[in-house]
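Here the structure comes first, spelled out in C-alpha cells, and everything after it is commentary.
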Amino acid sequence: MRRIVVLSLLLLPLIPLTARPAWACSCARLSIQEEAKVADAVFLGVAGPTEGNHTTFRPLIVYKGHVSDGTIAHETNEAFCGLTFEEGKTYTVFANTVGGELETTNLCIRTQKGVVPPTELRLTGHPFVPDAGSAPPTPASSSGESFFSGPLFWILFRFAAALAVPVYLLIWTRVRNRRKA
C-alpha cells in the first residue's frame, strides 16, 4: 500500500503536463457597455462571403479600433462558442485582435445581427465611416485579458488539481490506519 501512495505522489504531479483543456461554450455575459469597453474593435458591417472560419465584412461605421479589411476569424461550431454569419446581412461586430492583426469574435461577446445604437455602447471617441482616403482614429488600448484567462492561471490550477489527489490519498490512508490501530 505504501508503494502505491509513493508512486501516486511521484506520478500524479505530471498530469498537468499532459492534460488538455476541455472545450465547451459557457459564457459569462458582460453588459453591452462593458463588452464595448474591452473589445479591441467595434463596428457595424455587412457580412460578405465566408471561407472556412473567416468572414469578410464591409465596414459601414467603425465605433472603436481599426478595422483594416474587415476579415474576422470565428469558430463556426456552436459547441465551441462559434457563430455563423449570413451573407448580405448587417451585424454589429465586437472583435478582439490577435497578434496585432487578425480580429476574432465568438458567441460569448455581443456580436449580433442588426444595429446597436452608438448611445447604447457609450464609447468615448467618435464613430467614423471608413473609406479609402481616411485614416482611422487611434485605437483605445485594452487587452481584455484577466489573470483567470491567462496561461499562468491554468498552469497553477492544473498543478493544484494534480496535488489534491495524492494529498487526499495520503490523508485517507493515515486516517484508515489509525482506525485499524
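Of note:
- Spacing of the two label points (7 Å from each Cα toward its C-beta) at ASN77 and SER26, in nm: 1.8 nm
- Among ARG110, ARG174, ARG179, the ranking by other beta carbons within 10 Å of each residue's beta carbon, starting with the fewest, stands as ARG179, ARG174, ARG110.
- When the trypsin sites (Lys or Arg not before Pro) in region 27-94 are filtered for DSSP coil states and for at most 11 other beta-carbon atoms within 10 Å of their beta-carbon, the remaining sites are ARG29, LYS89.
- Among the GluC sites (Glu not before Pro) in region 44-94, those located in a DSSP loop and surrounded by at most 16 other Cβ atoms within 10 Å of their own Cβ are GLU86, GLU87.
- Fewest-first ranking of SER26, SER31, SER8, using other Cβ atoms within 10 Å as the exposure measure: SER26, SER31, SER8
Values quoted throughout were computed directly from the atomic coordinates according to the rules given, and no laboratory measurement underlies them. What you see is a predicted model, and the numbers here were worked out from it, not measured in a lab. A quick note on method: Cβ atoms are made from the backbone with ideal geometry, for glycine too, and the neighbour counts reach across all protein chains shown.
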